[in-house]
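Encoded as structure tokens, the structure appears first; notes follow it.
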Amino acid sequence: MATKKKSQFKPDPKKEWLHEIIFEADTRIGRIFDIVLLIIIAASVIVVALESMENLHIRFSKLFLILEWTFTIIFTLEYALRLYCVYEPWKYAKSFFGIIDLLATLPTYLSLVFTGSHYFLVIRVLRLMRIFRIFKLGHFMKEGFIIVEALKASRIKITVFLIFVILMTIIIGSLMYLLEGGQNPSFSSIPRSVYWAIVTLTTVGYGDITPVTPLGQLLSAVVMIMGYAILAVPTGIVSAEFIQKNKKVYSTNTQACRFCGREGHDNNAQYCKFCGNILNEPEVD
């Protein structure tokens with residue numbers, strides 16, 4: 001938990017004004033800014049997708065290049081303004097959205113050195129997650145937070161379960177190799193047999209490798225039935241943790257800290273739970 005500390009800084013009116021526009025969705029101008037930004041993000045992702053189509057790329061290559069650099073310049077300026085208007089820019093740069101904002105600009109610059117890297121610009125679609133904050137869909141964020149907490153709480157149990165599954169697939173694959181290896185060229189090695197075991201145990205069933213001997217087919221049937229039982233284990237683990245986490249009440253708002261730029265604070269919070277600075281707007285002389 002972050003240590004609470006009093007704000008000891010001289011407020012900058014320009015930064016406060018920019019922070020209200022860029023980070024806050026509760027004001028009219030901030031809401032307009034975010035909606036326009038979402039439209040630009042969606043348009044940039046569509047352009048990247050269309051550019052990957054060969055016939056369109058040949059016909060409109062120059063237009064796509066102009067649009068790509070236009071979007072990149074806009075996002076670069078926006079990222080720079082976000083860093084400028086927070087009082088501790090490094091903390092925002094290390095946050096989830098800070099990293100996503102940076103990654104949204106880098107691929108175009110990297111394409112000057114590495115051909116084709118600009119297609120990674122589709123990562124901009126992650127920035128559309130801000131739609132939950134802009135359109136007051138906070139309850140969706142709350143439910144998502146509960147799911148994330150449930151997954152974190154069950155990670156040790158799931159890790160143990162995955163180790164058990166890995167050992168099981170190695171054993172089953174080795175056994176299938178002994179049964180089919182001399183008669184079926186599909187099971188030419190233990191790694192290939194383990195691949196079959198993974199595909200069968202997870203109920204994916206590509207069908208590219210199938211046993212031909214009666215004992216191999218019997219083992220295959222047993223593994224497929226086991227697959228349905230195995231799927232229920234992680235589901236039960238996460239569901240149990242989800243029920244526990246859902247009992248807690250998470251009441252958060254969309255206020256962004258003017259120091260680190262992060263959100264997700266309680267409605268009655270006075271200090272940022274990430275950096276410890278005061279949340280309420282300081283008086284500007």
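Within a Cβ distance under 14 Å of LEU81, other residues only, what is the Lys/Arg minus Asp/Glu net charge?
Overall, the nearby charge balance is -3.
Cα convex hull of the stretch 152-246: mean projected area in nm², to one decimal?
6.2 nm²
Compute the distance in nm between two label points, each set 7 Å from the Cα along the Cα-to-Cβ direction, one at ILE166 and one at LEU56.
4.1 nm
Give the calculated FRET efficiency between SER186 and THR70 to the nearest 0.05, with a Förster radius of 45 Å applied to their Cβ-Cβ distance.
0.30
Give me the distance in nm between label points sitting 7 Å out from Cα along the Cα-to-Cβ direction at ILE100 and LYS14, one decimal.
Here the modelled spin labels are 2.9 nm apart.
What distance in nm lies between label points placed 7 Å from Cα along the C-beta direction at PHE114 and LYS157?
The modelled label-to-label distance comes out at 3.9 nm.
Highest first, please rank the peptides 150-157, 49-56, 91-98 by the mean number of other Cβ atoms sitting within 10 Å of their residues.
Sorting 150-157, 49-56, 91-98 by mean packing, highest first, produces 91-98, 150-157, 49-56.
Among ILE278, ILE35, rank each residue by its count of other Cβ atoms within 10 Å, from fewest to most, as a rough exposure measure.
Fewest to most other Cβ atoms nearby, the residues stand as ILE35, ILE278.
For SER111, SER189, what's the fewest-to-most ordering of other Cβ within 10 Å of each Cβ?
Ranked by crowding around the Cβ, least crowded first: SER189, SER111.
Can you sort ARG28, ARG258 by how many other beta carbons sit within 10 Å, fewest first?
ARG28, ARG258
Read-outs throughout are calculated quantities, based only on the coordinates presented, and are distinct from any laboratory measurement. Note that the structure is predicted; figures quoted are calculated from it, not measured. Every residue, glycine as well, gets a Cβ built from its backbone with ideal geometry; the counts of neighbours run over all protein chains shown.
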